[in-house]
1. Starting with the highest mean, order 44-54, 318-328 by the number of other Cβ atoms within 10 Å, averaged over the residues of each peptide.
2. Which of the lysines could be linked to Lys194 by a straight reach, that is with a Cα gap under 19 Å, when you skip same-chain ones fewer than 8 residues away?
3. Report the Rg/Rh value for region 252-297, based on alpha-carbon coordinates and the Kirkwood definition of Rh.
4. Over the alpha carbons of region 226-348, what is the largest minus smallest coordinate on each principal axis, giving the biggest first in Å?
5. Determine, for each peptide in 73-83, 285-295, the mean count of other beta carbons within 10 angstrom over its residues, then list the peptides with the highest first.
6. Relative to the longest principal Cα axis of the chain, at what angle does helix 61-71 sit, 0 to 90 degrees, rounded to 10?
7. Express in nm, to one decimal, how much length is gained between Phe339 and Trp323 on full extension, taking 0.36 nm for each residue of separation and deducting their alpha carbon distance.
8. Which order, highest average first, do 199-206, 223-230 follow once you tally other Cβ atoms within 10 Å for each residue and take the mean per peptide?
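Laboratory data are not the source of any read-out in this text; all were calculated from the coordinates shown. Since the structure is predicted, the reported quantities are computational estimates derived from the model, not experimental observations. No Cβ is skipped: glycine too gets one built from the backbone with ideal geometry, and neighbour counts run over all protein chains shown.
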Amino acid sequence: MRLMVTGGAGFIGSAVVRQAIADGHHVLNVDKLTYAANPENVASVAGHERYRFAQNDICDQPAMAALLDAFRPDTVMHLAAETHVDRSIDGPRAFIDTNIIGTYCLLEAARGYIEDSAAPVGFRFHHISTDEVYGSLGPTGAFTETSPYHPNSPYSAAKASSDMLARAWAETFGVPVVITNCSNNYGSHQFPEKLIPVVIINALEGKDIPVYGKGDNVRDWLHVSDHADALLLVAQQGAHGETYNIGGRAERTNLELVKMVCAILDEELTEARAGPHETLIKYVEDRPGHDHRYAINCDKIERDLGWAPSITIEDGMRQTVRWYLDNKDWWTKIRARGFDVTARQGLK
Ligand code: NAD
Ligand code: DAU
């Protein structure tokens, strides 16, 4: 396939790009290279003859149209977004611009690509979204593809808006859209402001590990390479107009997860220290509007496309911890760009 991947220098996008090249596809990675991007995430494929990169903003509709025209993809996999909930609370505007206007521009460019008869037969627009659009669950149940939308943060509201635009462009203009909504991802190359890398890096540096509120919020965790596999499957075999939920069937409270990471670090690091890493846990002020629980029912993708998560959270989390231990260069360079999550949270 010829895949135009937006946001391919970020965490999940780069996993998709690396897997797509390994699978034999041609890839055009379109990324603005915001603070969250890292060209090193795709360094392993950068010289490949089937890989191209374009530094562009998805809000630049003429640029998107020109890229579609020149590259002639079979599929657009749209991952580019502002993604960090805390940042959406500190400054929502970029989320409105990229997640809503950017998606609109890309959909319009795709519509032009189809209407000019340049798009190949079977062209599809795969819009990649999140479980956060469904809002927060009580103690039981799980989100299905027909759960009502109930976004609670500026991030999830902007993603929900983009899902609605994708739906409308399919219904009204016949853009062949397929949507996926996934739960929390973890794995290598995740920007160090999200929970798992924050825990690993702070623990390594002997800094406080910030747990919001009581740490009893629940997330459903999926290894990023399982997500990348699911996305590439949906991009090829997902039915037009359909939505597929993707999840890990691995619900954990934040505190359980943080303690799991700390216990792995206790085992992996042999040098003497004052006590177990979990003694660094510090309860901090809760996130405003913090969704209590997410859980994904992924029966549909399992039944219709034969996908299932393949990496257990125990194995995946150990691999992830090892990756951050073995790739200190990757995150110390990000730190050197002036980024420090502990400063934002008033921790030592
Ligand atoms: P990320 O923040 O790691 O990367 C986002 C990428 O998008 C970056 O490379 C950035 O430079 C690029 N980008 C941002 N604005 C852009 C713009 N205007 N034009 C072009 N490129 C731009 O994100 P991620 O965690 O890899 O998430 C990727 C997608 O998956 C997002 O759409 C997100 O909503 C969705 N998602 C993420 C998770 C998760 O747990 N991380 C779970 C479900 C769904
Ligand atoms: O559910 C999918 C979503 O998962 C994606 O759509 C988002 O792009 C992605 O960022 C992620 O959102 P979360 O808000 O769930 O992820 P985050 O890593 O920021 O936080 C995970 C949980 O941990 C959440 O309940 C908040 C909490 N948390 C987070 C940080 C950064 C802490 O307790 N301490 C922290 O320092």
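1. Final packing ranking: 318-328, 44-54.
2. Lys159, Lys207, Lys214, Lys259, Lys282, Lys328, Lys333, Lys348
3. Value, to two decimals: 1.10.
4. Over region 226-348, Cα extents along the principal axes are 53, 35, 30 Å.
5. Peptide ranking by packing, descending: 73-83, 285-295.
6. 80
7. My answer for the length gained is 3.8 nm.
8. Highest-to-lowest ranking by the protection proxy: 223-230, 199-206.
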